[in-house]
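The values are calculated or read from the model by the stated rules, or taken from the named source; none is laboratory data. Note that the structure is predicted; figures quoted are calculated from it, not measured. Virtual Cβ from ideal backbone geometry, glycine too; neighbours counted across all protein chains shown. Note: areas computed on protein heavy atoms with side chains; ligands, DNA, RNA excluded. Shrake-Rupley method; radii C 1.70, N 1.55, O 1.52, S 1.80 Å.
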Amino acid sequence: DAPRWRSSLLDQRGPLVAARPTVATIVRGVGERRLVVGAAIVRGARVLAARRTTPPEAAGRWELPGGKVEPGEQPADALEREIAEELGCTIEVSAWLSGASVIDDHLELRVAVARIVDGDPEPHEHDRLTWVGVDGLDGPGGLDWMVADRPFLPELRHVLRAAETEQHNGVLRAVLFDEDDAAEVLRRLRADGYEEALDGDAWREFDAPEPIPSDPDAWQLFQDGRSVAGVDISPFISDLPGGRCTRSFVTDNASGSTSQAANIIEALEAGARLLLIDEDSSATNFMIRDRRMQELVANEHEPITPFVDRVRQLCEQHSVSSVIVIGGSGDYLDVADKVVGMRDYRALDLTAQAREVVARFKSGRRSEALNGFEAPLGRTLLRAGFDASRGRKEVVVKVRDHGCIVFGEHEIDLSAVDQLLHPAQLRAVAEAMLHVGACFADGNRSLAEVMDLLFDELAHEGLSVLARNGEGDLAAFRRHDFAAAVNRLRAPVIKLARQG
């Protein structure tokens, strides 16, 4: 009979949870044989299989990955350690399959159902990994399993069928950004047979921070040490030491001012209509240069045109608004349309008082914007820049738990992009980069044009277009999140400057 599984309805990552047997239960009947543990890693309704390369008689056959239990080691701990070594990911054991399989006179195999909790599996000791469902588990056209693994296949088939039922009858959890997203998700769920929806306040159950709505075209700006590839930062920075070109600026580790300038130009490229800027996360010399500093350092010796002298031009020439949280410089009162002050956590309109202050106390500083805000050079995307290979592996894409994407030879740090809340979003962004490299980046289309094509396809087809080999665990992301990842890809060849 099929085992009785208790479904975990609030977490899609691990559809199966069952009582965990004690060590005594696991080793019963083993006698003098050493215990070997294998992992039936389940994702959705499929299990991960690994193809062996050694010994010669086993090469080409498939197994559930795992290894030997060391003396004094708990079987589950041993399995988690072995998977980390063999596949480079972290798993959590949720249940043990019944029975045991004798490998030889000295070894006996037990198998546990597990789920991935961090990272993506990569074959370190095997030559290939594959996710296989019930239909491809065995039989005609199925995998050629190692003899010791075969006794577990019937029960594993029940596990996968239970996972299929879970997909159809379980409870889904989604991260939604606005009402339009929620309406579309609800429509698709109802089309798939789901009838119930969580109340809008259900997020409070999970002790999550209260969501704050914002314009979808809003772009949060900050300064961070990052790579910059071919960005025209000349509206803000020029005449760098050594004659470095700022019309197509390239660096692996931008300073605070150059990274913030690049962030603004990249926001314009991506179609942003609102910039969100916090003084605390900005470079001071990029935001303002007061009258005394202007007197000390002449304009011709200063490469930075501060943001205070460009913010009105951004609004009037490019229809881009700015919301700036600032408390250290009154010079922004001269250029502000609206001034809001916080008193005892209450927002007050201080625009009239700010006008009086500006009239009474002249700042005396001179604008350093000697010309208009010209449209920056546009950039096209080259397919070669989206190469995710590493060594002999054609595709290496992983997500780390600190907001980092491993994309081939590159690591993309997105920890400062606050809107990316879940690893599933990072995974979707990484898969979108692969998809763009294969389908849209032809050396002629700009980043904005490529994103239009990508998000139009996602709107019509859903995230399934990004699921390689049918794999899921993807969540929605904004176009600005995708642009942030592309712009931090340390591959200068992905972009080519052209006249916009």
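Per-residue counts of other Cβ atoms within 10 Å, averaged by peptide: what ranking do you get for 418-427, 437-446, 353-362, highest first?
Top of the packing list down: 418-427, 437-446, 353-362.
Between ASP118 and residues 5 or more places away or on another chain, which pairs have amide H atoms under 5 Å apart, with H built 1.01 Å from N, and which residues are they?
Result for ASP118 returns THR90.
At a 1.4 Å probe, what is the % contribution of carbon and sulfur to the accessible area of region 233-315? Display every interim value, and only then the final one.
Details: 1780 of 3610 Å².
The C+S portion of the solvent-accessible surface of region 233-315 is 49 percent.
Per residue, how big is the convex hull around the C-alpha atoms of region 369-428? Give it to me in cubic angstrom, could you?
Dividing the Cα hull volume of region 369-428 by its residue count gives 149 Å³.
Through the Karplus equation 6.51 cos²θ - 1.76 cosθ + 1.60, θ set to phi - 60°, convert the phi angles of region 78-87 into ³J(HN,Hα) values in whole Hz; use x for Gly and Pro.
Going residue by residue, I get 5, 5, 5, 5, 4, 5, 4, 6, 7, 10 Hz, with x marking Gly and Pro.
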